Amino acid sequence: MAVDPNTQNDLITVNITLDPVASGQAGFSTSLMIANDVTLNGARVATYSSLAEVSAAETAGYVTGSVTAAATAYFGQTTHPSTLKVGRRVSASESYLDALDAIKAVDADFYGVFLEDRSPALALVLAADVEADEDYILIAQDNDVDWKTTSIPSAWSAAAAYER
């Protein structure tokens, strides 16, 4: 085969496949927020498809302003996720692990998990459970400036080996 030095067309093979598009993978289209001080009208978990639904739930007294604030950021993305699930931690004596297990027993159809609370200690306990489960991913927030100035803050050092 002759090679034309002015183009690479003779060197590249293009295969056109007319198969259907591959099915989607697990993504952040549905995430779970574990919240305190919410009633969810007596349910353990509630599913919301829009910020308007979350705002209506706040007006009805089922969720708090912090849930609405999180939903505002969640649904405010350019391509926003399809649903937000809010799971209820029923009391201060219930651990986040127990709350997550109870929520999964009712509705386990989510991928991302995040807390209303920003405490590294609480997130690390949940992170160990999520890491062992391998079906979910934990999203945690922190306001420690060491993330920008050094590396992983000491409070988060236990999570350094976690993948999920």
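Things to note:
- The residues of region 23-37 that are modelled with pLDDT under 55 and hydroxyl-bearing (Ser, Thr, Tyr) amount to a single one, Ser23.
- Count of region 76-103 residues which are under 14 Å from the mean Cα position of the chain (by Cα) and open to solvent by 20 Å² or more (accessible area, probe 1.4 Å): 4
- Among the residues of region 28-59, those identified as part of a helix (DSSP H, G or I) and small (Gly, Ala, Ser) are Gly42, Ala52, Ser55, Ala56, Ala57.
- Residue within region 6-22 that is modelled with pLDDT under 95 and among the charged types (D, E, K, R) present: yes
- Tally of residues being of a type outside the set (A, V, I, L, M, F, W, C), closer than 17 Å to Arg118 by Cβ and open to solvent by 60 Å² or more (accessible area, probe 1.4 Å) across region 137-156: 4
- Failed item in (1) within 13 Å of Ser31 (Cα to Cα); (2) out of contact with any Ser or Thr (no Cβ under 7 Å at 6 or more places or on another chain), with Asp109 passing the rest: (2)
The values are calculated or read from the model by the stated rules, or taken from the named source; none is laboratory data. Bear in mind that the values here come from a model prediction, so they are computed numbers and not experimental data. Reconstructed Cβ throughout: ideal geometry from the backbone, glycine too, with neighbour counts over all protein chains shown. Only protein heavy atoms, including side chains, enter the accessible area calculation; ligands, DNA and RNA are left aside. Shrake-Rupley method; radii C 1.70, N 1.55, O 1.52, S 1.80 Å.
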